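The values are calculated or read from the model by the stated rules, or taken from the named source; none is laboratory data. Being a predicted model, the structure only gives us computed values, none of them experimental. No Cβ is skipped: glycine too gets one built from the backbone with ideal geometry, and neighbour counts run over all protein chains shown. Areas reflect the complete protein model, heavy atoms only, side chains present, ligands, DNA and RNA absent. Shrake-Rupley method; radii C 1.70, N 1.55, O 1.52, S 1.80 Å.
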Amino acid sequence: MKVTIIGCGNAGLIHAAKIYEKGGNEVCLLKTSQTNSAYYDKIVTDGGYRVHDLTNRGKDFFVKPALVTRDAKLAMDFADVVLIMTTTLQHEAVARLIGPYAHDGQIIAMCPGYMGSLIFKKYVKADVIFSEWETTAYNGRVMNNEYVKITFYNPRNAISVLPVAKSEYVLSIFSQLFDNTNYLRRNILESALHNPNMIVHTIGMTFSASRIEYSKGEFWMYREAFTDSIVNVINAFDKQKNEVLKAYGCEPLDYFEAAKWRNEEDLNIDAMTSFRSFADSSNKGPMFLRHRYLLEDVPMGLGLFISLGKVAGLDVSIAESVMTLASALLGEDFKGQSRSIQSLLGKSNIEVKDVMTAISE
């Protein structure tokens, strides 16, 4: 399998490394932005990058991509599978960039998705299959522009596929590339609303704003933010989220149970115990409010969720409140910047049946 990874940040390099480590596959890295170019330039110079993989007994290895490039045509010509690991804020730009070079039979996957497939469909004219992930299969970070450290993996990683009829085929491909990717969601809407970042990033940041600013880099979100009262907010959000999921024929799922399902080998463990354990092992941060946890997950995640809820005539007041507070904190018009089901489908008058058609075909 030839896989092009779009996005050379933490997530892109980690997933490229896991594909390379498995053997029998070739990897291409496509750099699409000018940010964090120092490590990309080092990869070009060195012909690859070092990895320290704590998810595989601390294994150290060197990843040698078959191609490292800024040329979208070369990267797309290379690929059987395209895995887009940029933020969802960049979906439109990436879709414009790669759309002309996509070819029949490719799988184009977004991690995360937030229903971005509907954006890529506007620019990709070839007969391709889309896939969306609700979160990454592996986590870690680039360490001091010297090496990539992989620190955590999800024992279970679920994906969705558009068109839905191709789901089993796409899952068979990704399960070969990643051992933990063996599960399907019903459709891209279900994947979008099961994205944990939409809930914990936005609520954790908004309700900890003063602590983040006062601590000057000493904030540990997962350890500090989620006190009993904030868990109450998450549960209230969750109740509204699950009503929206049910309105679109999707599976309702408690946030903390979903986190346990992704994070734990043993599903008999208590969900809150699992969450607290994850929190204890999490990294420090964020260090500032103008962070992707708000800049991305409020307009892309909450915005999409609110629009879907309103189409279904349901209460989405918790999400609206968080968006209002986040907008005030940062002086941003997140409502005006939001990804909505109306913008994705290109029309204002939408019913639930229109959404159901769009996420299945």
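Some observations on this one:
- The residue of the range 152-183 that is nearest to N242 (Cα to Cα), among those that are open to solvent by 60 Å² or more (accessible area, probe 1.4 Å) and touching a helix residue (DSSP H, G or I) at 6+ places or on another chain (Cβ under 6 Å), is N182.
- Boolean, S281 is of a type outside the set (V, I, T), farther than 27 Å from E351 by Cα and at pLDDT below 95: yes
- Contact map, the range 95-107: first residue more than 14 Å from I129 (Cα to Cα), second residue of a type in the set (D, E), Cβ cut-off under 7 Å, separation 6 or more or different chains; pairs are Y101/D77.
- Among the residues of the range 229-242, none qualifies, meaning not one is among the β-branched types (V, I, T), free of Cβ contacts under 8 Å to residues at least 40 places away in the same chain and open to solvent by 60 Å² or more (accessible area, probe 1.4 Å).
- At least 3 residues being closer than 18 Å to H291 by Cα and of a type outside the set (D, E, K, R) is the threshold, and among the helices (runs of 4 or more DSSP H) wholly inside the range 168-256 those reaching it are 197-206, 209-215.
- Selection from the range 268-282 of residues that are of a type outside the set (D, E, K, R) and open to solvent by 70 Å² or more (accessible area, probe 1.4 Å): N268, T273, S281
- Set D41, D104, D60: member being among the acidic types (D, E), in a loop (DSSP other than H, G, I, E, B) and open to solvent by 10 Å² or more (accessible area, probe 1.4 Å): D104
- Restricting attention to the range 1-11, the residues that are in contact with a Leu (Cβ under 7 Å, 6 or more places away or on another chain) and either open to solvent by less than 40 Å² (accessible area, probe 1.4 Å) or assigned to a helix (DSSP H, G or I) (or both) total 5.
- Note on the range 283-341: residues that are farther than 22 Å from M221 by Cβ, in contact with a Ser or Thr (Cβ under 8 Å, 6 or more places away or on another chain) and open to solvent by less than 60 Å² (accessible area, probe 1.4 Å) amount to 7.
- Residue within the range 128-139 that is modelled with pLDDT of 95 or more, open to solvent by 10 Å² or more (accessible area, probe 1.4 Å), part of a strand (DSSP E or B) and β-branched (V, I, T) present: yes
To keep it simple, each residue is scored yes or no on (1) among the aromatic types (F, W, Y); (2) within 25 Å of K42 (Cβ to Cβ).
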{"residue": "D80", "(1), (2)": "no, no"}
{"residue": "H91", "(1), (2)": "no, no"}
{"residue": "M115", "(1), (2)": "no, no"}
{"residue": "Y123", "(1), (2)": "yes, no"}
{"residue": "S131", "(1), (2)": "no, no"}
{"residue": "E134", "(1), (2)": "no, no"}
{"residue": "N145", "(1), (2)": "no, yes"}
{"residue": "V148", "(1), (2)": "no, yes"}
